[in-house]
Amino acid sequence: MEYQEQIDLKRAKTRCWGIWVSHLFLAPVASIVYAAKTNNWMPTAVATGIAVVGLPLAVIDIGITTGIIAPVTSAVLLSNKVQEARRKKGIFIPEEAEAALYNGLRV
């Protein structure tokens, strides 16, 4: 199995509800954990950029940019990448991707 195919299967096996729940409670850590799991660091970088820009604005917007927009951005970007990997491989549920990954099957 080639490297890109493994990455796609690892992304496809990720559960989107887990991304959303973890970002709801502990966004920065969740963003890093899921970035490492899916080998997709762009959502973490974008959310960090939004948080850094939003930090000085926290006085004006009561922390909405840093506390809500940054985690939602990360979760959306991660979920979209997972869904894209599933569409690309023709996988409907995460268990299919797990089976293909662990059995070394080509999907």
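Our coupling estimate for segment 10-20, obtained by passing each phi through the Karplus curve with A = 6.51, B = -1.76, C = 1.60 and θ = phi - 60°, is 5, 5, 5, 7, 6, 8, 5, 4, x, 4, 5 Hz, Gly and Pro reported as x. Shape index of the chain: Rg/Rh, with Rg the Cα radius of gyration and Rh the Kirkwood radius from the inverse mean 1/r over Cα pairs, equals 1.08. If you take all other residues with their beta carbon under 12 Å from the beta carbon of A12, and give Lys and Arg +1 and Asp and Glu -1, the sum is +4.
Per 0.36 nm of contour for each residue apart, how much would the distance between Q83 and W41 grow if the chain were fully extended, relative to their Cα-Cα spacing? Kindly include the intermediate steps, with their values, before the conclusion.
Numbers: separation 42, 0.36 × 42 = 15.12 nm, distance 1.63 nm.
Result: 13.5 nm gained on full extension.
Multiply the residue gap between F92 and T48 by 0.36 nm, knock off their C-alpha separation, and tell me the result in nm, one decimal place.
Details: separation 44, 0.36 × 44 = 15.84 nm, distance 3.09 nm.
Gain in length upon complete extension: 12.8 nm.
Show that you can apply the helix-only estimate: for the chain, add -39,500 (n - 2.57) for every DSSP H stretch of four or more residues, divide by all residues, and state [θ] at 222 nm to the nearest 500.
Numbers: 5 runs with 83 residues, N = 107.
After summing the helix terms and dividing by the residues of the chain, the value is -26000 deg cm²/dmol.
Looking at the square roots a ≥ b ≥ c of the eigenvalues of the Cα gyration tensor of segment 8-50, which shape do they give, rounded for a/c under 1.5, prolate if a/b is larger than b/c, or oblate? Taking the square roots of the gyration eigenvalues as a ≥ b ≥ c, segment 8-50 is oblate.
Over the chain, what relative contact order in percent results from Cα pairs under 8 Å that are six or more residues apart? Write out the running numbers ahead of the final one.
On the way: 117 pairs, mean separation 43.1, N = 107.
40 percent.
If R0 equals 30 Å, the separation of the Cβ atoms of L55 and C16 corresponds to a calculated FRET efficiency of about 0.60.
Read-outs throughout are calculated quantities, based only on the coordinates presented, and are distinct from any laboratory measurement. Note that the structure is predicted; figures quoted are calculated from it, not measured. As a convention, Cβ positions derive from the backbone with ideal geometry for all residues, glycine included, and neighbour counts pool all protein chains shown.
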